[in-house]
Ligand code: FA5
């Protein structure tokens, strides 16, 4: 018969080495389970004589109680240690400043576009849009620029290749050749086809020209088209609206000038120049050393344009303009090269 005190000694040593819950459970099984050491000792008591049975039985039961207590105590200790470790692992310092999320922001051209939209909306103009891929009819013919008209040379065009269209034969098909719009003026036609006068709209949008680039010319840029059609509209109305716009946009002291010009879809036609803010009129590369920079083409809508959209030009007249949005942005922020807008250079873009 094993001595209970030896069992106790060994058990005490073993439990001291237990350092995980799992090991503790193994220990408990080893001593206290149905087949455990103590259970076996207690079962074998019947083999002993009554006196010994009493003595060993008492000792074995005491050891059982002792081990139970030890196990409970150790279990509590280990659980507390585990929770502490978990908390340590999961601890976050909420006082550390958060990582900054990079925020995008609005491109300067979009900023200026919204300012322009606000000014015209206050004057009763609605904002409309048209497609960037146009056909020849809207971009040229309906605007009184028939094929072979020398005025087509004013806008160097990106033509789109169209498989399966026989261009030469029918007049209709000729007009349907696709291109990247060279100005926002086709939106005038699209709008007038669907809406009766009175009309007061602006149409901001992207346009494309197949030309050499320099400080004030891009192949891809933005315009804001304007169109006002009503009864008894004269050049006086046109001048007033334009002056109001430029004063509101650049400030009261802004100097603008109207220069006679030519567009097939307006008669008379003008260019609107603004005193160059980069050199303050002295002359620089942006204004081609003229001191003035061309901001818009404009004029009174040609009767042939109204005819193309079946509006009676005896009854209705109006004016139209095409503002260069990039150039307005350049003058406003004193940016000396249009190509910066499309360079994707964050050092430039982050300034706005
Ligand atoms: C036109 O595009 C006419 N559709 C404007 C118009 C509308 C006239 C309605 C009459 C009635 P123009 O080619 O001049 O016109 O261009 C208008 C404006 O766009 C110019 O005054 C200029 O500010 C801007 N612009 C022209 N070419 C470029 C370019 N390559 N890069 C940047 N801006 C340009």
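The table that follows gives values for the structure above.
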{"quantity": "Residue in region 289-308 that is at negative phi, away from the ligand (no atom under 14 Å from the Cβ) and touching a helix residue (DSSP H, G or I) at 6+ places or on another chain (Cβ under 7 Å) present", "calculated": "yes"}
{"quantity": "Extreme residue, farthest from residue 333 (Cα to Cα), among residues of region 86-117 that are modelled with pLDDT of 95 or more and out of contact with any helix residue (DSSP H, G or I) (no Cβ under 9 Å at 6 or more places or on another chain)", "calculated": "117"}
{"quantity": "Pairs, first closer than 21 Å to residue 23 by Cβ and assigned by TED's automatic domain parsing to the domain that holds residue 23 in region 82-93, second part of a helix (DSSP H, G or I) and modelled with pLDDT of 90 or more, C-beta under 9 Å, six or more apart", "calculated": "82/21"}
{"quantity": "Residue list for region 103-162, filter: crowded, with 18+ Cβ neighbours inside 10 Å, more than 29 Å from the chain's Cα centre (by Cα), within 13 Å of the ligand (Cβ to nearest atom) and not in a helix (DSSP H, G or I)", "calculated": "140, 144, 145, 155, 157"}
{"quantity": "Enumeration of residues in region 317-344 that are more than 10 Å from the ligand (Cβ to nearest atom), more than 18 Å from residue 280 (Cα to Cα) and crowded, with 20+ Cβ neighbours inside 10 Å", "calculated": "317, 318"}
{"quantity": "Enumeration of residues in region 265-303 that are at pLDDT 95 or above and outside any strand (DSSP E or B)", "calculated": "265, 302, 303"}
{"quantity": "Residue that is without any contact (Cβ under 8 Å) to a residue 40 or more places away in the chain and closer than 23 Å to residue 122 by Cβ, where the choices are 307, 252", "calculated": "252"}
{"quantity": "The one condition in (1) at pLDDT 95 or above; (2) touching a strand residue (DSSP E or B) at 6+ places or on another chain (Cβ under 8 Å); (3) part of a loop (DSSP other than H, G, I, E, B) that residue 312 fails to fulfil", "calculated": "(2)"}
{"quantity": "Hits in region 207-223 (condition: closer than 16 Å to residue 154 by Cα, assigned to a loop (DSSP other than H, G, I, E, B) and near the ligand (Cβ under 8 Å from one of its atoms))", "calculated": "209, 211, 213, 218, 219"}
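The values are calculated or read from the model by the stated rules, or taken from the named source; none is laboratory data. None of the values given here were measured: they were computed from a predicted structure. Reconstructed Cβ throughout: ideal geometry from the backbone, glycine too, with neighbour counts over all protein chains shown.
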